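Okay, structure first, notes after.
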Amino acid sequence: MTDDLALDALALLEADTTLEAAQPILALAAEYLTQTRLGEGPVSSWHSAEVIADRLSESMPRRSRPLSDVARRLSSLLLDDVNRLAHPMYIGHQVSAPLPAAVWTDALISALNQSMAVREMSPSFTPLEHQVVAWMTDLVGWDARAGGTMTSGGTEATFTALLAARSRAIPDVWTNGVGPNPPVLVCGEHAHYAVSRAAGEMGLGMHRVVIVPSHDHRLSIPALRDQLAALKQHGTKVMAVVATAGCTATGSFDDLEAVADACAEFGAPGQPLWLHVDAAHGGAALLSPAHAHRVRGLARARSVAWDPHKTLLLPLAAGLLLVRDKHDLEAAFTQKAPYLFTPNEDARAWDMGPRSFQCSRRADVLKLWVAFERYGADALAALYDRLCRMAQRLHTALQGHAEFAALHEPESNILCFAWNPPDVAMHERDALTNALRERYNRSGRGWITATTLDGRRVLRVTVMNARTGESHIAALVSGLEAEAAHLLEHHRSAPAA
Ligand SMILES: Cc1ncc(COP(=O)(O)O)c(C=O)c1O
C-alpha cells in the first residue's frame, strides 16, 4: 500500500471527527428511537437468515464511501429487519429498550476508548468503577471490604464468581488444576446455563453439577437441605451453592434467607458454604421499596451477579459481579503478567485487570453512572416497578380467560402462560404453541417468546420496555386471540396426517 493511500485514509478519518460527520449515523439511532417508541409500525419483519445473508453477500469493500452513503446502505440493507425493542409491543427476551442517555454515552465510551485493564489506561474510569461498585455493594448491605468488577453480563459474572469459589475450595488450583476429585457445584433446576457452563469451563465437568429440583419454580429448600446433607455424609466437598434471584424462565426468586441458612448449616463451623446469587435479572429489586423483600438475605451471599443491562434498562453490555470480600476476587485469578500488572500493592489496589476475566475492557461503567446521574436511582426503581406491574397486568387480564392461562404469579417482569386451545389433543399443543408464537411474531403486531416449563411449551413475556402500558398488554391478548383463531381454523381444516 502506498503512503498516499494512508494519507488519504487519514484525511477521511479526520473528516469523520465532527458532529456534522457523525450526523448520518447518529440520526439513524435517533430516528429509530423517536419513531419506534410511538408503537405505530411493525415490531419486526420476517425474512429468513438466508434472505438477509443473500442481500449482504457482496465482496469486501476495497474503496472508501462517504459516511452518509454508508449510513444509507446500512439503513436499507439492515435496519428493516431489526427487532424493534423500543416498540412498546416488543415484550420478548430479557434485553432492554435501552435508556437513551446511556445509548448516547456508548458513543462517548467508544470515542475515549479507555481500557479498564489497568488504572494507567483509564485514569478517570477506574476510580469511577470502584465508586459505582461501592454504590451497588452498599445497596446489597455490605461494608467497605466488599468489591467487584463490571462484566460483559451475567454469564461472565457468574463464571468469575465461581472461579473465586474454586480458588477458595482448591487453594492451589491456579498452579495444579482441579485434580481428579474436584468439589461440586449445587444449583437449582431453573438456574441459568451460566452455572453449568462455568462447570464445563473450569474443568469440573457436568457430573460435578448437582441439580436441586424446584418447587413452584424456586429452589426447593427441603430438597436442597437433603442434597447438602447427602453430600456431607459422602464427604463430597461443595465449591458453591448457586441461588437465583429472578430466574430466566419465570422471573421467580429463590428464598435467599433459607438458602443462606442451609449454607451455614452444612458448611464447616464458622465457614458457611459459598453462596453465589445469580441476580442478573432480579438485582434491580434492591432499588425498589416494593420489591426489595424478594432479595431479602442477599447480603448473606459471598458473591452476586447483577446485570444493569437487564432490568436497569442499560444497552448491552453492562454486567456486574459483586463480592462481599474484595480479596476473593483477587484470589480468583492468580495471574502473573509483569508486562501489564504491577507488583506494587498500592497501584494494584486500583487496577481492575487482576480481578476481571477480560483484559481490554470497555468502560461500560460510564453509561451506568450516566443512567444514575440522568434519571436517578428512584426513577430507575420506579421503572422497574412499572415493568413488573405490566406483567401483573397481563396476569390479571388472563384470569378467567377461556384459552390462555397464566402459569404462575409474576414475581418480576416475566410471565409464562399456556395456550389451551379447545378440542386439541395434548400431544398437539406444544407444536401449536410454537406455531402461534411464530404467527404472532411474524404478523409484526408484537413479539413474544416461548419456553419449556414443567415439560410443556408455553408462551412467555418479559416486559423490558418502560413504554409498554396497559393498552399494549390488552393489544397483546387480543392479538394472540386473533392469531390463535386463524391458526385453529387452519389446523381444523388441514387433512389429518
Ligand atoms: C438469571 C440469569 N442469569 C444469567 C443470565 C445471562 O446473562 P448474560 O446474557 O448477560 O450473560 C441470564 C440471561 O438471560 C439470566 O436470566
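Is it the case that the range 1-18 has a residue that's hydrophobic (A, V, I, L, M, F, W, C) and under 30 Å from Ser96 (Cα atoms)?
For the range 1-18, residues hydrophobic (A, V, I, L, M, F, W, C) and under 30 Å from Ser96 (Cα atoms): absent.
If you take the residues of the range 138-160 that are assigned to a helix (DSSP H, G or I) and among the hydrophobic types (A, V, I, L, M, F, W, C), which of them is nearest to the ligand (Cβ to nearest atom)?
Ala157
What do you reckon, is Asp328 more than 16 Å from the ligand (Cβ to nearest atom), buried (at least 20 other Cβ atoms within 10 Å of the Cβ) and either free of Cβ contacts under 8 Å to residues at least 60 places away in the same chain or over 30 Å from Ala102 (Cα atoms) (or both)?
Yes; evaluated as a whole, the condition is true for this residue.
Can His190 be described as in contact (Cβ under 8 Å) with a residue 24 or more places away in the chain, within 16 Å of the ligand (Cβ to nearest atom) and surrounded by fewer than 21 Cβ atoms within 10 Å (Cβ to Cβ)?
yes
Scanning for something in contact with a helix residue (DSSP H, G or I) (Cβ under 8 Å, 6 or more places away or on another chain), surrounded by 23 or more Cβ atoms within 10 Å (Cβ to Cβ) and under 30 Å from Pro315 (Cβ atoms), does the range 234-242 turn up at least one residue?
yes
Just give me the residues in the range 269-294 being closer than 26 Å to Met239 by Cα and within 13 Å of the ligand (Cβ to nearest atom), in sequence order.
His276, Val277, Asp278, Ala279, Ala280, His281, Gly282, Gly283
Evaluate the range 38-55: report whether one residue or more is away from the ligand (no atom under 16 Å from the Cβ), touching a Ser or Thr at 6+ places or on another chain (Cβ under 6 Å) and not assigned by TED's automatic domain parsing to the domain that holds Gly282.
No: zero hits.
Going by what's in this entry, would Ser76 be described as more than 13 Å from Val365 (Cα to Cα), of a type outside the set (D, E, K, R) and either free of Cβ contacts under 8 Å to residues at least 12 places away in the same chain or surrounded by fewer than 14 Cβ atoms within 10 Å (Cβ to Cβ) (or both)?
yes
Out of all the residues in the range 117-132, is one or more in contact (Cβ under 8 Å) with a residue 24 or more places away in the chain, of a type in the set (A, V, I, L, M) and within 16 Å of the ligand (Cβ to nearest atom)?
Looking through the range 117-132, none of the residues is in contact (Cβ under 8 Å) with a residue 24 or more places away in the chain, of a type in the set (A, V, I, L, M) and within 16 Å of the ligand (Cβ to nearest atom).
The values are calculated or read from the model by the stated rules, or taken from the named source; none is laboratory data. Just so it is clear, the structure is predicted and the values come from calculations on it, not from any experiment. A quick note on method: Cβ atoms are made from the backbone with ideal geometry, for glycine too, and the neighbour counts reach across all protein chains shown.
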